[in-house]
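The structure appears below as structure tokens.
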Amino acid sequence: MNHSKKFIRHVLAIAISIALPTVASADAAYDALKQQVEMMQKQLAEMQKALEKQQVKVKEVEANTISRAEAKELEHHVNAASEWKDPNTLIHMSGYADIGYTDAQDEDGSFVVGAFAPIFHFQYKDMFMLESELEFEVEDDGETKVALEYLTIDWFVNDYVALVGGKFLSPLGQFRQNLHPSWINKLASAPPGFGHDGAAPVSEAGLQARGGFPLGNMRANYAVYIGNGPELVTEWNGTDFELDGIDAEGKGADRDGKKAWGGRFGLIPFAGLEFGISAATGKATVTSIEVTAGTAPALANEQARDYDVFGIDAAWQYKSFALRSEYVKSKIGRATTGASASDGGQWKSWYTQASYLFPTTKFEGVTRYTDFDSPQDARDQKQWAFGLNYLFASNVIGKITYELNDGQKGAIADDNRWLVQMAYGF
Amino acid sequence: MKTINNSSKALLATMLTVLAMAFSTTTQADGHAKPGDFTRGANVWRDNCGRCHNIRDARELRDDQWYSTAFHMRMRGGLTGQETRDVIAFLTSSNKPARKPIITDAKAPTASSKASKLSGKAVYNQTCIACHGADGKGTLPGAPDFSSAKGPLSQTDDILVKHVTDGFQSPGSPMAMPAKGGNTALTDADIRAVVKYLRSFSK
């Protein structure tokens, strides 16, 4: 027993002596390992910090860098923006056209091709502009009629004056120069007397100065012109001559050598209101005969007659309501010599028009009263016109107009009419 | 011998006066003498175009088309050269479509995200007043009435901001308001400020 105890003691002693150095060695390895881990943790933290800094930098770079696709799109926009940016010459076409249907009291209803009127603009810098309007119309027999409504070269001399040479719309009054295009005229017809053969001059060939200027707190505009003047048409009824009408569309030559002068002054006291006064004077001579019976004698030694025009106009607009009125009188003096010597005559007309665009709709109601008086009783006309328009857009307008006409019994001027029109301004 | 009557003398004198005026003034029209102004142009557009015809939407034409059109209307409407340049400035600014920026705010912060330097009233008086009026009731046919809380102002700020930003055509109006009222310089903050100001009309 004692031997066995001794043996165990010896074994334990040997085991302990063997184990003790091993334990000491493990502690050292642990410490080293710990140091390494701590160092790695530190390095990892530093790397994380560096990575975060790098990520911030990357975001900044991304924010200030565009992709190839974006660069391509930008390039496209830059190229597009530089195209036609500031040429010396601009070319532009605008104008208007209309089509419709007309049904008069004593005539069959007809589809009508109103007019196609392209307007061309060629502009050199801010100095010159060539303006021209053509008018294409399909006549009753299907023939197409082409007319040069106007052709001018405008010189913008300064901010207040432009000189206009060529064939221009008559600056007398408002309707002929500003309101006759079908997309602007709120009814499907012109007021009697303000069309192509009425009291108001249509156009003139000559030289014109026009512009606008401030007048205290108000504004003013003006136009003065000198031109070839109108020619006169006389009617042969089989026994004698009677003055038939004034052909007041700009002539390519002054066949009687008598010029006409005229102009208009407009005053705008405040926005939306304008008053205008117009006048013209000169001489006019009979150059053509309208034969209604028999054979007319030839014109010879015709006397130049006095020609005078006077007009006033006013326009007022308040939000959706617009009111305008215009009066014009053209007077021709008597001729005592020449083959067609006859009394003079005067053509006068006035109209008042009111229109209202119903709020939150595209419907517009219009009414107009016109009284046209001429030397020919058959042409005299008093007219009430009522219209309902639909504005598909500001420049695309559908119109239904009813004219209640009062003229000489049996004359066309006495026939009431329905007019449907689609007008497009471009 | 040819004679000149009194009326002819008067007209001749008038023409000579105009011609003298034409060549005596030094304000030349060539070469864009003085630049146009957006706000003045908006007033010219509002005060003159509707006197004869329905006011056209600025978005109908490109810059070069508006340029020639404005000179054509200088002749028709009796505008001065300066008024013509002003209305060109307004129309060529107002015909720009609302377009998503190629470089978005998320990538490159722009002025849009900064606070407005102008009050809502200042923005309104600079950009909106020509068409919407000093009282917010509108000066043009079809312009909405901001004096009623039941009108467009019944909508949320976000919707109103979108309408101003992108442009908007009110029901029944023959034309649309251009994007940012035509003033492309407006920031998002300016638009929020002006929308806030619009609400003061209905109080």
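Condition check ((1) within 29 Å of A:Leu151 (Cβ to Cβ); (2) touching a His at 6+ places or on another chain (Cβ under 7 Å); (3) modelled with pLDDT of 95 or more; (4) in the same structural domain as A:Arg417 (by TED's automatic domain parsing)) across all residues:
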residue: A:Asp86; (1), (2), (3), (4): yes, no, no, yes
residue: A:Thr89; (1), (2), (3), (4): yes, no, no, yes
residue: A:Gly95; (1), (2), (3), (4): yes, no, yes, yes
residue: A:Ile99; (1), (2), (3), (4): yes, no, yes, yes
residue: A:Thr102; (1), (2), (3), (4): no, no, yes, yes
residue: A:Asp108; (1), (2), (3), (4): no, no, no, yes
residue: A:Val112; (1), (2), (3), (4): yes, no, no, yes
residue: A:Ala115; (1), (2), (3), (4): yes, no, no, yes
residue: A:Pro118; (1), (2), (3), (4): yes, no, yes, yes
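Output the residue which, of all residues in the stretch A:388-404 that are away from chain B (no Cβ under 14 Å) and surrounded by 21 or more Cβ atoms within 10 Å (Cβ to Cβ), is farthest from A:Thr360 (Cα to Cα). Lay out the reasoning, then the answer.
First pass over the stretch A:388-404, keeping only residues away from chain B (no Cβ under 14 Å): A:388, A:400-404.
Okay, now just the ones that are also surrounded by 21 or more Cβ atoms within 10 Å (Cβ to Cβ), so A:401, A:403.
Values: A:Thr401: 22, A:Glu403: 27 Å.
By that ranking, first place goes to A:Glu403.
Can we say A:Phe270 is of a type in the set (Phe, Trp, Tyr) and more than 9 Å from chain B (Cβ to nearest Cβ)?
no
Go through (1) in a loop (DSSP other than H, G, I, E, B); (2) of a type outside the set (A, V, I, L, M); (3) at pLDDT below 90 and name the single condition B:Asn54 misses.
All conditions are met except number (3).
What residue, among those in the stretch B:182-201 that are among the polar types (S, T, N, Q) and within 17 Å of the chain's Cα centre (by Cα), is nearest to B:Val87 (Cα to Cα)? Talk me through it step by step, then tell me what you get.
To start, the set of residues in the stretch B:182-201 that are among the polar types (S, T, N, Q) comprises B:183-184, B:187, B:200.
Okay, now just the ones that are also within 17 Å of the chain's Cα centre (by Cα), so B:183-184.
Values: B:Asn183: 13, B:Thr184: 16 Å.
My answer is B:Asn183.
Of all residues in the stretch A:315-324, count the ones that are more than 11 Å from every other protein chain (Cβ to nearest Cβ) and touching an Asp or Glu at 6+ places or on another chain (Cβ under 7 Å).
Narrowing the stretch A:315-324 to residues more than 11 Å from every other protein chain (Cβ to nearest Cβ): A:323.
With the extra rule that they be touching an Asp or Glu at 6+ places or on another chain (Cβ under 7 Å), the set shrinks to none.
Counting residues in the stretch A:315-324 that are more than 11 Å from every other protein chain (Cβ to nearest Cβ) and touching an Asp or Glu at 6+ places or on another chain (Cβ under 7 Å) gives 0.
Six or more apart or on different chains, Cβ under 6 Å: which pairs go from a residue in the stretch A:211-231 that's under 13 Å from A:Leu163 (Cβ atoms) to one that's assigned to a loop (DSSP other than H, G, I, E, B)? Could you list them?
Once the first residue is under 13 Å from A:Leu163 (Cβ atoms) and sits in the stretch A:211-231, its partners that are assigned to a loop (DSSP other than H, G, I, E, B) give A:Gly211/A:Tyr160; A:Gly211/A:Val161; A:Ala223/A:Pro171; A:Ile226/A:Lys259.
So which pairs qualify, if the first residue must be in the stretch A:277-288 and in the same structural domain as A:Ala220 (by TED's automatic domain parsing) and more than 18 Å from A:Ala199 (Cβ to Cβ), the second must be part of a strand (DSSP E or B) and acidic (Asp, Glu), the Cβ gap must be under 7 Å, and the two must be at least 6 apart or on different chains?
That search, which allows pairs on different chains as well, returns A:Lys283/A:Asp306; A:Thr285/A:Glu231; A:Thr287/A:Glu231.
In the stretch B:37-59, what count of residues is obtained for those that are facing another protein chain (nearest Cβ under 10 Å), under 8 Å from the mean Cα position of the chain (by Cα) and more than 12 Å from A:Ala271 (Cβ to Cβ)? Break it down stepwise before answering.
As a first pass, look at the stretch B:37-59 and keep what is facing another protein chain (nearest Cβ under 10 Å): B:43-44, B:46-57.
Checking the rest, the ones that are also under 8 Å from the mean Cα position of the chain (by Cα) come to B:43-44, B:46.
Now narrow it down to the ones that are more than 12 Å from A:Ala271 (Cβ to Cβ): none.
Summing the residues that are facing another protein chain (nearest Cβ under 10 Å), under 8 Å from the mean Cα position of the chain (by Cα) and more than 12 Å from A:Ala271 (Cβ to Cβ) in the stretch B:37-59 gives 0.
Give the residues of the stretch A:204-217 that are more than 12 Å from chain B (Cβ to nearest Cβ), surrounded by fewer than 23 Cβ atoms within 10 Å (Cβ to Cβ) and assigned to a strand (DSSP E or B), sorted by residue number.
Of the stretch A:204-217, the ones more than 12 Å from chain B (Cβ to nearest Cβ) are A:204-205, A:216-217.
Going one step further and asking which of them are surrounded by fewer than 23 Cβ atoms within 10 Å (Cβ to Cβ), we end up with A:205, A:216-217.
A:Ala205 - this is the single residue of the stretch A:204-217 that is more than 12 Å from chain B (Cβ to nearest Cβ), surrounded by fewer than 23 Cβ atoms within 10 Å (Cβ to Cβ) and assigned to a strand (DSSP E or B).
Exactly one condition in (1) surrounded by 16 or more Cβ atoms within 10 Å (Cβ to Cβ); (2) more than 14 Å from chain A (Cβ to nearest Cβ); (3) modelled with pLDDT under 85 is false for B:Ala111; which is it?
Exception for B:Ala111: condition (1).
Looking only at helices (runs of 4 or more DSSP H) that lie completely in the stretch B:115-168, which have at least 3 residues being surrounded by fewer than 20 Cβ atoms within 10 Å (Cβ to Cβ) and touching a helix residue (DSSP H, G or I) at 6+ places or on another chain (Cβ under 8 Å)? Break it down into steps so the answer makes sense when it comes.
On the way: elements: B:120-123, B:129-132, B:157-166.
Because the criterion is at least 3 residues that are surrounded by fewer than 20 Cβ atoms within 10 Å (Cβ to Cβ) and touching a helix residue (DSSP H, G or I) at 6+ places or on another chain (Cβ under 8 Å), the helices (runs of 4 or more DSSP H) in the stretch B:115-168 that meet it are B:157-166.
Take the residues in the stretch A:325-360 that are within 10 Å of chain B (Cβ to nearest Cβ) and touching a Pro at 6+ places or on another chain (Cβ under 6 Å), then tell me which one is modelled with the lowest pLDDT.
Of everything passing the filter in the stretch A:325-360, A:Thr360 is modelled with the lowest pLDDT.
The values are calculated or read from the model by the stated rules, or taken from the named source; none is laboratory data. Only a predicted model underlies this, so the values are computations on that prediction, with no experimental measurement involved. Cβ atoms come from the backbone with ideal geometry, glycine included; neighbour counts cover every protein chain shown.
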